[in-house]
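Below is one structure, written out as structure tokens; comments come after it.
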Amino acid sequence: MFFVPEICFSQTNFGIKIATISCEFGESVNLPLYKNSIDKNGRFALNPGIIASLEIFTDKKISFQASTGVFADRAKKVSGYSQITLRYRIIKHWKHSVYAGIGPVFHYRQTWENIENYEPEDYYTSNGKSQTKFTWASAEISYRYYLSKKVDFTVALNHTQAHGISLTTGFKFWLGKKPRLGKGKGCNCPSYKRHH
């Protein structure tokens, strides 16, 4: 009676990543308000933050992931997002994997309307002390490196902001005791063979 839940649980991982640098699409009317840009055009900025995720595999290559994160935006106010993605493994070679995902995302941030010289932005809806935006289709691409049977290192480009993408990095921690689905072609090295 516990067979199905155990199988599902074993194909689940919990992720923790840190948000680092973001790149904005186009040029914002609020460029003069940016406080953490790292280039003169304001396209790139430091947006430190943390992201948590839960991913469940339904097949060797297919999974669903729910993630949420909070970070400091370009005006050094608190921003965040919540996202659900359908993910597909497009590359698997030895310890290396690449995944692509797509799904809806909900963005939110402390309002910028109380910042002097702020210009309204069409992609946000104001709700008093906060501003929000919902997008039906956002994308992510991520790279993973196998560290052990329980841990992967990951780097990703994700639509964590309403008008830009972020570079994130962290770890995936696999749950359960059964082997993962879709291990693919293994690495010809002792440490990999011991766990597969």
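The values are calculated or read from the model by the stated rules, or taken from the named source; none is laboratory data. Because the structure is predicted, anything quoted here is derived from the model rather than measured. Heads up, the Cβs are rebuilt from the backbone with ideal geometry, glycines too, and the neighbour counts pull from every protein chain shown.
Values for this structure:
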item: Checklist (1) over 20 Å from ILE90 (Cα atoms); (2) of a type in the set (S, T, N, Q); (3) modelled with pLDDT of 50 or more applied to SER191, failing item; result: (3)
item: Test: TYR81 is of a type in the set (Ser, Thr, Tyr), surrounded by fewer than 19 Cβ atoms within 10 Å (Cβ to Cβ), under 18 Å from GLN131 (Cα atoms) and touching a strand residue (DSSP E or B) at 6+ places or on another chain (Cβ under 8 Å); result: no
item: Qualifying residue in segment 27-46 (condition: under 27 Å from TYR146 (Cα atoms) and exposed (fewer than 15 other Cβ atoms within 10 Å of the Cβ)); result: no
item: Hits in segment 1-28 (condition: hydrophobic (A, V, I, L, M, F, W, C) and modelled with pLDDT of 85 or more); result: PHE14, ILE16, ILE18, ALA19, ILE21, CYS23
item: Counted residues, segment 84-97 - those being under 30 Å from ASN36 (Cα atoms) and out of contact with any Asp or Glu (no Cβ under 8 Å at 6 or more places or on another chain); result: 1
item: Segment 143-163, subset small (Gly, Ala, Ser) and buried (at least 22 other Cβ atoms within 10 Å of the Cβ), residue farthest from the chain's Cα centre (by Cα); result: ALA162
item: Answer residue from segment 158-187, given it is among the hydrophobic types (A, V, I, L, M, F, W, C) and at pLDDT 75 or above and is farthest from SER63 (Cα to Cα) among those; result: ALA162
item: Matching option when the condition is closer than 28 Å to LYS129 by Cβ, in contact with a strand residue (DSSP E or B) (Cβ under 7 Å, 6 or more places away or on another chain) and surrounded by 17 or more Cβ atoms within 10 Å (Cβ to Cβ), among ALA52, ALA19, ALA66; result: ALA19
item: Selection from segment 8-44 of residues that are within 17 Å of the chain's Cα centre (by Cα) and either farther than 21 Å from ILE115 by Cβ or not polar (S, T, N, Q) (or both); result: THR12, ASN13, PHE14, GLY15, ILE16, LYS17, ILE18, ALA19, THR20, ILE21, CYS23, GLU24
item: Close pairs (9 angstrom Cβ cut-off, 6 or more residues apart or separate chains): without any contact (Cβ under 8 Å) to a residue 12 or more places away in the chain and assigned to a loop (DSSP other than H, G, I, E, B) in segment 112-126, surrounded by 11 or more Cβ atoms within 10 Å (Cβ to Cβ) and of a type in the set (D, E, K, R) anywhere; result: PRO120/GLU113
